[in-house]
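Structure record follows, encoded as structure tokens.
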Amino acid sequence: MQTLEFDFAPWRLSGQVVGVLLNHRPALAALGDAVNQPPHKAPPRAPVLYVKPRNTQVADGATVAVPADAPALEVGAALGLVIGRSATAVPEAQALAHVAGLVVVADLCVPHDSFYRPSVRQRARDGFCPLGPRVVPLAGLEGRIDALRVQVRVDGVPVHDTTTGDRIRPAAKLIADVTEFMTLSPGDVLLLGVSHGAPRVGAGHVVAVDIEGVGTLQFRLEAES
Amino acid sequence: MRTARVAWAGAVHEAVPHPQGLQLGNGQVLAEDQVVWLPPVAQPGTIIALGLNYADHVKELSRELTRSTQDEPLVFLKGPNALVGHRGRTRRPADATFMHYECELAVVIGRSARRVKAADALAHVQGYTVCNDYAVRDYLENWYRPNLRVKNRDGATALGPWLVSADEVPDPQALGLRTRVNGRVEQQGHTRDMIHSVAALIEYLSGFMTLMPGDIILTGTPEGTLNCAAGDAVECEIDGIGTLLNTLY
């Protein structure tokens, strides 16, 4: 398994990556009244979080295996907020002071329609969280963190053009609501959540995720051996 | 072999049991309450937890469940922020009306496991310890349920006191477990009632994710999960593994 190479503190990653489901307004809106029907019965109140464990994390340039039971994978282009200073119950107004930098993350999953149970088998496969190529300091990007252009290309062809905006919880609010009950430590990465319409890819594809001012992450998909 | 990690006199030590409490690597013998107990796994990796893995617990909750014992294991992940050691204190949120303990057998992986069959699975286990995986039911929502606000709160997953090496636990499905609240037994169960055994869980999990040394599997809790109050002393005990004390505040 490939290891991640990053600079020293506060840009060294801890291995803890936390994602958030349905933070993009259009993604939640697309569910329509289903959010009020069983099994959900109500829209989410608190942020719906999931962990991308260490077996999922691979560096820029990685080759990711597409599992035999999943012909297509969803590529969730996500902005990663890299924590620089321990954050517990942080008020929204101070939240960004706890962020050291930003990183491009491809939050991969096996597509799934049900959000009732935690989808570990769909989200925690080996290699399902490419991130990199580097952590860029937040300085200079604070004011635009919720309006950065995000693009996904497959084999060089643009397939998704979106932004980090239109979030139910923009970056600072998300940090405040998450740290209300769980501490984020230096090197932890909190994902801002993927945009609606995440593209699907399969074995043989080369995927590039570009976030304005943060960088371009590239990886290749191949069939599981 | 049984090992603990404790803080004493300004440093972290490995400790082993002693008739008077515990003994540090430097020979120092101390009483249980003279040290700060840390989670016994030095560098915890991925923390994997099971919901509804005891037949009796599923029955207990059957009215609110859309689930049977035949389903795929209900798995969720936690972060290192949740861990707290033996004799630790866990905060009970002021607005919670139903916060309960969950006494669980914790399995620590010692050797990488990928696509391991159940018959070979236990060879990948380094050892076992006791977990009290608190849940705040007030915060349950039907999205990736149970979500991190319920199950991954700071210091709400107690672990310890000892990491017991696998050679001392020939059959992890032959262990009685119980929880005492302020000295009174409130939860009792037996690991033979797990729906998915330790070996089956390692087969299932390693079928889609590589398990690595230091990864921890929390194997679920039996029936008898009651609400607790601030000030309650909660002891989770597993035969042959240990007794884990936690106090709510």
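Just so you know, in the range A:105-116 the residues that are touching a Lys or Arg at 6+ places or on another chain (Cβ under 9 Å) and in a strand (DSSP E or B) include one that is farthest from A:LEU138 (Cα to Cα), and it is A:CYS109.
There is at least one residue in the range B:45-63 that is at positive phi and either at pLDDT 95 or above or part of a loop (DSSP other than H, G, I, E, B) (or both). Just a yes or no: is a residue in the range A:98-113 touching a Gly at 6+ places or on another chain (Cβ under 6 Å), surrounded by fewer than 23 Cβ atoms within 10 Å (Cβ to Cβ) and either within 12 Å of another protein chain (Cβ to nearest Cβ) or in contact (Cβ under 8 Å) with a residue 24 or more places away in the chain (or both)? Within the range A:98-113 (the criterion being touching a Gly at 6+ places or on another chain (Cβ under 6 Å), surrounded by fewer than 23 Cβ atoms within 10 Å (Cβ to Cβ) and either within 12 Å of another protein chain (Cβ to nearest Cβ) or in contact (Cβ under 8 Å) with a residue 24 or more places away in the chain (or both)), the answer is yes, since at least one residue qualifies. Identification of strands (runs of 3 or more DSSP E) wholly contained in the range A:125-225 with 1 or more residues that are within 24 Å of A:THR63 (Cβ to Cβ) and not hydrophobic (A, V, I, L, M, F, W, C) yields A:129-131, A:149-154, A:157-163, A:206-211, A:215-223. Residues in the range A:42-63 that are more than 20 Å from B:TYR144 (Cβ to Cβ) and either within 7 Å of chain B (Cβ to nearest Cβ) or among the hydrophobic types (A, V, I, L, M, F, W, C) (or both): A:VAL58, A:ALA59, A:ALA62. Among the residues of the range A:120-151, those identified as surrounded by 23 or more Cβ atoms within 10 Å (Cβ to Cβ) and more than 14 Å from chain B (Cβ to nearest Cβ) are A:PRO130, A:LEU131, A:GLY132, A:VAL135.
Yes/no matrix, rows are residues, columns are (1) within 10 Å of chain A (Cβ to nearest Cβ); (2) in a helix (DSSP H, G or I); (3) closer than 19 Å to B:ALA42 by Cβ; (4) not hydroxyl-bearing (Ser, Thr, Tyr):
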{"site": "B:ALA119", "(1), (2), (3), (4)": "no, yes, no, yes"}
{"site": "B:ASN132", "(1), (2), (3), (4)": "no, no, no, yes"}
{"site": "B:TRP143", "(1), (2), (3), (4)": "yes, no, no, yes"}
{"site": "B:GLY155", "(1), (2), (3), (4)": "yes, no, yes, yes"}
{"site": "B:PRO161", "(1), (2), (3), (4)": "no, no, yes, yes"}
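Please determine, by comparing only the residues of the range A:12-38 that are more than 11 Å from chain B (Cβ to nearest Cβ) and assigned to a loop (DSSP other than H, G, I, E, B), which one is surrounded by the most Cβ atoms within 10 Å (Cβ to Cβ). Only one residue tops the list, namely A:ASN23.
For the range B:14-21, does any single residue satisfy the condition of being surrounded by fewer than 19 Cβ atoms within 10 Å (Cβ to Cβ) and either in a loop (DSSP other than H, G, I, E, B) or within 16 Å of the chain's Cα centre (by Cα) (or both)?
Checked against the condition, which is being surrounded by fewer than 19 Cβ atoms within 10 Å (Cβ to Cβ) and either in a loop (DSSP other than H, G, I, E, B) or within 16 Å of the chain's Cα centre (by Cα) (or both), the range B:14-21 yields at least one hit.
Residue by residue, here is whether (1) hydrophobic (A, V, I, L, M, F, W, C); (2) within 14 Å of chain B (Cβ to nearest Cβ); (3) not in a strand (DSSP E or B) holds:
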| position | (1), (2), (3) |
| --- | --- |
| A:HIS40 | no, yes, yes |
| A:ALA65 | yes, yes, no |
| A:LEU81 | yes, no, no |
| A:PRO118 | no, yes, yes |
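The values are calculated or read from the model by the stated rules, or taken from the named source; none is laboratory data. Bear in mind that the values here come from a model prediction, so they are computed numbers and not experimental data. Don't worry about glycine lacking a Cβ; one is built from the backbone with ideal geometry, like all the others, and counts go over all protein chains shown.
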